[in-house]
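The values are calculated or read from the model by the stated rules, or taken from the named source; none is laboratory data. Predicted model, so just to flag it, every value in this text is computed and none were measured. As a convention, Cβ positions derive from the backbone with ideal geometry for all residues, glycine included, and neighbour counts pool all protein chains shown. Heavy atoms of the whole protein, side chains included, go into the accessibility calculation; ligands, DNA and RNA do not. Shrake-Rupley method; radii C 1.70, N 1.55, O 1.52, S 1.80 Å.
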Amino acid sequence: MSDKSQPKLKEYISEKKISGRINKLAKKLNKDYKDKNPIFIGILNGSFIFLADLIREINIDCEIDFLKLSSYGDEKISSGNVTLLKDLNCEIENRHIIIVEDIVDSGLSVNFIKKLIEDHNPASLRFATLLFKKDMSKLTFKIDYIGFKIDNKFVVGYGLDFAQKYRNLKAIKVLKTKNQTEN
């Protein structure tokens, strides 16, 4: 297999920048949720590294749970359908909920999550995402905590994958395949 058929990775956001931004997000969350005992709900699989690093900077009482959805499969473009693969193991009625996402691009998944959680009457619902594709999202509500606003690039690393690969990269990188032109 030639080098040209292999995907190319170019660093987009460094490990140091990610760490610094997570620290700032955690400080804001610590202030906003003091004495509220929120539940952080990570969206699997992509958010697990972001949530792990974020939660280690949280110094308030809190709980953690996970949801798992699917809308991509092994593709780079969403199928347009969101499927719930793993539901919550906690009671969220009258609780403060913070959804933790790796990336918000089209907004399809977070719209699905918002409806799912609101049906259980939480005391409050907010969203935190490491990455927000500023020109892609068609949301009708605000994402409360954003790590980085990014351009419409296909990124991997730091929990984000392509066909279940590259999640273990410490930085966020742009994935370019042989059929893509340079962005």
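When the stretch 119-154 is limited to residues that are surrounded by 15 or more Cβ atoms within 10 Å (Cβ to Cβ) and small (Gly, Ala, Ser), the one that is nearest to residue 173 (Cα to Cα) turns out to be 147. Summed over the stretch 119-139, residues that are touching a residue at least 12 places away in the same chain (Cβ under 8 Å) and in a loop (DSSP other than H, G, I, E, B) total 10. Within the stretch 33-51, the set of residues being surrounded by fewer than 24 Cβ atoms within 10 Å (Cβ to Cβ) and either polar (S, T, N, Q) or under 13 Å from residue 123 (Cα atoms) (or both) comprises 33, 36, 37, 38, 39, 45.
Can you name the residue in the stretch 48-76 that is small (Gly, Ala, Ser) and modelled with pLDDT under 95 and is also farthest from the chain's Cα centre (by Cα) among such residues? Checked the stretch 48-76; the qualifying residue farthest from the chain's Cα centre (by Cα) is 73. Looking for something in a loop (DSSP other than H, G, I, E, B), touching a residue at least 24 places away in the same chain (Cβ under 8 Å) and aromatic (Phe, Trp, Tyr) - is there at least one such residue anywhere in the stretch 14-35? The answer is yes; a qualifying residue exists. Here residue 85 fulfils each of the conditions (1) over 16 Å from residue 159 (Cβ atoms); (2) open to solvent by less than 60 Å² (accessible area, probe 1.4 Å); (3) among the aliphatic types (A, V, I, L, M) apart from (2). Within the stretch 78-135, being of a type in the set (A, V, I, L, M) and closer than 19 Å to residue 22 by Cβ holds for 98, 99, 100, 103, 104, 128, 130, 131.
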